1. Find the relative contact order for region 262-358 and round it to a whole percent, using C-alpha pairs within less than 8 Å whose residues are 6+ positions apart.
2. Around Met225, with a cut-off of 12 angstrom between Cβ atoms, what is the net charge of the other residues, counting Lys and Arg +1 and Asp and Glu -1?
3. Under the 0.36 nm per residue contour assumption, what length would be gained going from the current alpha-carbon distance of Phe351 and Glu76 to full extension?
4. To the nearest 0.05, how large is the calculated FRET efficiency for Leu148 and Arg258 if R₀ is 56 Å and r is the Cβ-Cβ distance?
5. From the Cα gyration tensor of region 262-358, with a ≥ b ≥ c the square roots of its eigenvalues, which class applies: rounded if a/c is under 1.5, or else prolate if a/b is larger than b/c, or else oblate?
6. Ranked highest first by the average count of other Cβ atoms within 10 Å around their residues, in what order do 90-100, 269-279, 196-206, 172-182 fall?
7. Taking 0.36 nm per residue of separation and subtracting the Cα-Cα distance, what length does fully extending Glu332 through Gln27 add?
8. Please report the spacing between the Cα centers of region 173-210 and region 268-325 in Å, no decimals.
Amino acid sequence: MAENKDGQEKTEKATPKRLNEARNRGQVSKSMDVTTASVLLIGGSAIFIFGKNLFANLQYFMKYIFANSTSIIVSEQNFKLYFPSIMIFLAKILLPILLTVFAVVLISEISQVGLKIATEKFTKGLNFKQIFNPFSGLKRIFFSSRSLFELAKGIAKLLVIGYVVYDVLAGKSEQMVGIIEMPHGDIANLIVDVSFELIIKVGLIYILIAAADFFYQRYRFNEDMKMTKQEVKEEGKQAEGDPKVKARIRALMRGRIRKLMLKSVKEADVVITNPTHFAVALIYKQGTMSAPKVLAKGVDFLALQIRDIAEKSGVPIVEEPPLARALFYSVEIEQEIPEELFKAVAQVLAFVYNLKKNV
């Protein structure tokens, strides 16, 4: 199992942040064999698709050269005159093939890793220490387990593809022996047939190799990207903030909310209590509220503070233990009381309003 420089095992899957950072550095899961197989199969087939036109144009070009060989004077001045025409001619016959190969390479790469420029690979990619100390790089190339695996994989590919090439040529050996005695047209047809068979068979074998390498590279990348439990923990702290700091912020917020809540007790119409444990402050404004609302609530010490503020502010205090507990557990601050408590609260409010009238 992979370990980091501190000897800790990398057992955790890479986080999205780590994967994104690796992508910015150009470190992605990619198989070069997929691109090679695509170029070999599709690019090779493109040669046969555009080959007829290419051959016809080359044939026309050679006929023109031989027919006008006596009138063509090779000089520096004439070269400058002919050069643009030659370049246009070559572009016409080669560009379709080159553009096809370029498109195949581009699609193969994008289909594996997506389209994203690895900015850090250019801005932070230069390692001057390795430039001036090439032995560290050579050691990594020749003596790492990954380089040895790639060497073994390359030898295996060479043997498999070599066998396929040998098998194709061996099947055409009788025809190849008599190639010198064949007419020019038959020679061209034989070369085309052999080349096409080689491209198809080698291309198909390479697709199997590419598929295996694609899944291996993905597995290897996921293993390399794994993190230790400590790394995941540290990244979580950076992303979400230090738990101690967050706890401190929450404590400050709770303190501020508590102060605002206690301050609102002065506006309450009544405080309903369980003498020593619960206290709930209610307010009800006829015409503006559909039901009484909880301004403040508390238990134990906070309940004592609510009672103390209510006494100092002249807010009536009514002892109704069952109602106090029901309000405390079922209604949040700044919420209206539920319908099932309307009757009980209405009786308390009626009692309070009668007290105020008598005073």
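All of the numbers you see were taken from the coordinates with simple rules; none came from a lab. In this text the structure is predicted, and so the values were computed from the model without any measurement. For neighbour counting, all protein chains shown are included, and Cβ atoms are generated from backbone atoms with ideal geometry for every residue, glycine included.
1. Relative contact order of region 262-358: 31 percent.
2. Details: positive: Lys10, Lys13, Lys17, Arg18, Arg23, Arg25, Arg218, Arg220, Lys226; negative: Glu12, Glu21, Glu223, Asp224, Glu231.
Taking every other residue near Met225 into account, the sum is +4.
3. Working: separation 275, 0.36 × 275 = 99.00 nm, distance 11.70 nm.
Result for the pair: 87.3 nm of gain on full extension.
4. So the FRET efficiency works out to roughly 0.25.
5. On the way: a/c = 1.39, a/b = 1.14, b/c = 1.22.
Since a/c stays below 1.5, the shape of region 262-358 is classed as rounded.
6. Numbers: 90-100: 13.5, 269-279: 21.1, 196-206: 17.5, 172-182: 10.6.
In decreasing order of mean packing, 90-100, 269-279, 196-206, 172-182 become 269-279, 196-206, 90-100, 172-182.
7. Values: separation 305, 0.36 × 305 = 109.80 nm, distance 5.12 nm.
That pair, Glu332 and Gln27, stretches by 104.7 nm at full extension.
8. Centre-to-centre distance over Cα atoms comes out at 96 Å.
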